[in-house]
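Below: one structure, written as structure tokens.
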Amino acid sequence: MKKELRFGFGLMAIIIVATAVLMPAPSEWTGGHLGLLMLALVVVAIMLGFPTAFTLMGMGVLFAWLAYRMQNPAIATQQTLDLMVQRAFSVMTNDVLISIPLFVFMGYLVERANLIEKLFKSLHLAMARIPGSLAVATLVTCAIFATATGIVGAVVTLMGLLALPAMLRSGYDIRLSAGVITAGGCLGILIPPSVMLIVYGATAGVSVVKLYAGAFFPGLMLAGLYMLYVVIVAKLRPDMAPPLPDSERQVKLPPTAASVASQYGRRAVPALLAALKGPRNAEASTGSLVSQLGIALLPLIVAAIALTAIHGSLTAPKAVAEALPDSMQSFDSGYSTSDLAEPPADEGGLQEPPAEDGLQEPPKEGGDLAEPPAAEPVAKDAAAPPAAEPAAAPAEALAAPLSFWIAVIVCAVLLLGYYAMLSFERLEIFKMLLSSFFPLAILILAVLGTIVFGLATPTEAAAIGASGGALLAAAYGQLNMGVIKESVFLTAKTSAMVCWLFVGSAIFSAAFALLGGQELVEKFVLSMDLTPIQFMILAQFIIFILGWPLEWTEIIVIFMPIFIPLLAHFNIDPLFFGLLVAMNLQTAFLSPPVAMSAFYLKGVAPPHVTLNQIFAGMMPFMGIQVIALILLYLFPGIGMWLPNYLYN
């Protein structure tokens, strides 16, 4: 701990010295130099432990008063107070921020549903044959639970109590185990629905919906890189992640499954079908066999329903919708609006058209329509009554595209492979996943799906998530007045912190702009004559360095208002910049001395696990985050394809 404190104070000294060196003599100071001094003082005060929100507000009010006093001392105090009220009111009227307490409330309810232990156990058994299966299961559990809750501290703490002892008992390296838990717990601030993306969107004026769509694949990519690293380490260094013994892979079968397996074989579906034809006993009743068979066939049923629905939507007849405009077009092309008499306003019902200048009756001896007056150029095209055109050509169903049938073949192959390997042990693991993994997956997909496909705004989707979290807690018997009271209290506490941060950030940004600090920074950056690539590298490097002493909230609310105005000059999309920042800020939870994940884990780790071992275990995962950041920059389609496909 002393080393971290020395590092922090050393960094503060560097900031103060650098500010003193770069700033001119006090007699030459301008408002912009006061703005830079304010920025340096805010960073130093936060590193000394002062509350971020109130530090921003205090410094902002003080330096805003100085800025107004430099213009007109007589009304400086009144203008400063007006600025405070206006900025606080602008935060209060920001609709995007309404989703934050709802998402946080959903997270606290899901956390108290006690799903994480069942989830970890079922994933551990499902991945037992993968190298480093315990660590991989820990990463998947962290990713799912962090996505559902968005609370890094809760995920790291719970997995530290649950997964760390299991990995240490199995002979896993302490550093690898600590790194897996701390890195996996941070995925919740990147994978939607993420509070960090909401904060960035509200700060930068970027659509939260597009941020959610853009962050989905980068988050999955980062989680996949973590798992790939663990598998490679387990392959190359089995001493760091030894394989599990067979005794820990075994699943205890219920009496019905054990009885059927002993008589008809280990493969679940053929054995259950044979048992339904055979004699019954007390352990294998008809009801239990049908129930087991229904669960076993559930993937087939779900796949069939989904593919049928997709096929119906792809092949739905569209001729009626297309024929109506065509018929209306032919009708309008044959007659002008002046040929139709308008009924009187005070009479209802159909009116007889006037004898002159109206529609004419066709001759009895001919089959063609009489040529209407003033419509000579188009008379030859009106060979049949236009109104009868849709009925004469009934709609035909469209053919499904080739990609659909390829998807059907892939699903069929996967299902055949699944049922070929489905033993009664795997059926029990699938039942465990049904009660732990799939409820959370459905909740996450419901929230994300309604946002990404435009069915609901982020605030409405957050309300759906909060309701789903309450239903999950009730389904597992954990919803009571004590849980609701505690969740509401913690939600109010977290939401108040975020909102005060926004108020402080708004006052600080206004003071910084009033003093001319933003203009001074822009002039300095533009004077460097950077290319867009150089500016992007410089900005991400600064954010990476800031992640060591500061948390992500402070970086976004303090420094993003400085970077965002510069993006237009370099033709950088704020959405893409936000995805890079979100990936980069993963390091803020893993980089000492303010690596909050390390302190969360240390608080619940066994005594022999030291803080230095936890820090050492996090370093490889920080390197993976940098690699993921570079991949996202080199291949922007990883993040930009989905929002461009859905919204452009």
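The values are calculated or read from the model by the stated rules, or taken from the named source; none is laboratory data. This is a predicted model, so every value here is computed, not measured. For neighbour counting, all protein chains shown are included, and Cβ atoms are generated from backbone atoms with ideal geometry for every residue, glycine included. We work out accessible area using only protein heavy atoms, side chains counted, and drop any ligands, DNA or RNA first. Shrake-Rupley method; radii C 1.70, N 1.55, O 1.52, S 1.80 Å.
Rundown of residues vs (1) of a type in the set (Lys, Arg); (2) touching a Pro at 6+ places or on another chain (Cβ under 7 Å); (3) at pLDDT 90 or above; (4) open to solvent by 10 Å² or more (accessible area, probe 1.4 Å), yes/no style:
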residue	(1), (2), (3), (4)
VAL156	no, no, no, no
LEU162	no, no, no, yes
MET167	no, no, no, no
SER177	no, no, yes, no
ALA204	no, yes, no, yes
Given (1) in a helix (DSSP H, G or I); (2) touching a Ser or Thr at 6+ places or on another chain (Cβ under 6 Å); (3) surrounded by fewer than 19 Cβ atoms within 10 Å (Cβ to Cβ), number of the condition PRO561 does not satisfy
(3)
Can you confirm whether THR157 is over 21 Å from the mean Cα position of the chain (by Cα) and among the β-branched types (Val, Ile, Thr)?
yes
A careful count of residues in region 83-103 that are in contact with a helix residue (DSSP H, G or I) (Cβ under 9 Å, 6 or more places away or on another chain) and of a type in the set (Ser, Thr, Tyr) gives 2
Selection count, region 528-554, where residues are in a helix (DSSP H, G or I) and modelled with pLDDT of 85 or more:
13
Pick out the one residue from LEU97, LEU62 that is buried (at least 18 other Cβ atoms within 10 Å of the Cβ) and not basic (Lys, Arg).
LEU97
Scan region 566-583 and report the pairs whose first residue is farther than 14 Å from ALA213 by Cβ and whose second residue is of a type in the set (Ser, Thr, Tyr) and open to solvent by 10 Å² or more (accessible area, probe 1.4 Å), with Cβ atoms within less than 7 Å and a gap of 6+ or a chain change.
LEU580/TYR633
Can you find a residue in region 8-26 that is aromatic (Phe, Trp, Tyr), open to solvent by less than 90 Å² (accessible area, probe 1.4 Å) and either assigned to a helix (DSSP H, G or I) or modelled with pLDDT of 80 or more (or both)?
no
Which condition breaks for VAL320 when tested against (1) of a type in the set (Val, Ile, Thr); (2) within 41 Å of the chain's Cα centre (by Cα); (3) modelled with pLDDT of 80 or more?
(3)
Exactly one condition in (1) buried (at least 18 other Cβ atoms within 10 Å of the Cβ); (2) free of Cβ contacts under 8 Å to residues at least 24 places away in the same chain is false for LYS523; which is it?
(1)
Would you be able to say whether some residue in region 445-456 is in a helix (DSSP H, G or I), farther than 28 Å from MET92 by Cβ and in contact with a Gly (Cβ under 9 Å, 6 or more places away or on another chain)?
yes
Is it true that some residue in region 75-87 is out of contact with any strand residue (DSSP E or B) (no Cβ under 9 Å at 6 or more places or on another chain), of a type in the set (Lys, Arg) and not in a helix (DSSP H, G or I)?
no
Subset of region 466-483 (residues that are without any contact (Cβ under 8 Å) to a residue 40 or more places away in the chain, surrounded by 14 or more Cβ atoms within 10 Å (Cβ to Cβ) and of a type in the set (Gly, Ala, Ser)):
SER467, ALA474
Inside region 591-647, can you point out the residues that are in contact (Cβ under 8 Å) with a residue 40 or more places away in the chain, of a type outside the set (A, V, I, L, M) and open to solvent by less than 40 Å² (accessible area, probe 1.4 Å)?
SER591, PRO592, PRO593, SER597, PRO606, GLY617, PHE621, GLN625, GLY639, PRO643
Of the residues that make up region 142-163, is at least one within 20 Å of ASN612 (Cα to Cα) and out of contact with any helix residue (DSSP H, G or I) (no Cβ under 9 Å at 6 or more places or on another chain)?
yes
Residues LEU236, LEU228, LEU220, LEU253: which one is farther than 21 Å from VAL140 by Cβ, surrounded by fewer than 16 Cβ atoms within 10 Å (Cβ to Cβ) and either within 36 Å of the chain's Cα centre (by Cα) or among the aliphatic types (A, V, I, L, M) (or both)?
LEU236
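Here is a yes/no grid of residues against (1) among the aliphatic types (A, V, I, L, M); (2) over 17 Å from the mean Cα position of the chain (by Cα):
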| site | (1), (2) |
| --- | --- |
| MET84 | yes, yes |
| ARG87 | no, yes |
| VAL91 | yes, yes |
| GLU117 | no, yes |
| LEU123 | yes, yes |
| MET127 | yes, yes |
| THR149 | no, no |
| LEU168 | yes, yes |
Matching residues in region 484-496 (open to solvent by 20 Å² or more (accessible area, probe 1.4 Å) and either in contact with a His (Cβ under 7 Å, 6 or more places away or on another chain) or modelled with pLDDT of 85 or more (or both)) number 9
Are any of the residues in region 131-148 open to solvent by 30 Å² or more (accessible area, probe 1.4 Å) and assigned to a helix (DSSP H, G or I)?
no
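Matching residues to (1) open to solvent by 30 Å² or more (accessible area, probe 1.4 Å); (2) modelled with pLDDT of 60 or more; (3) closer than 30 Å to LEU102 by Cα:
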residue	(1), (2), (3)
PRO390	yes, no, no
ALA397	yes, yes, no
PHE404	no, yes, no
VAL413	yes, yes, no
TYR419	yes, yes, no
SER423	no, yes, no
Among (1) open to solvent by 50 Å² or more (accessible area, probe 1.4 Å); (2) at pLDDT 80 or above; (3) over 28 Å from MET421 (Cβ atoms), which single condition is SER262 missing?
(3)
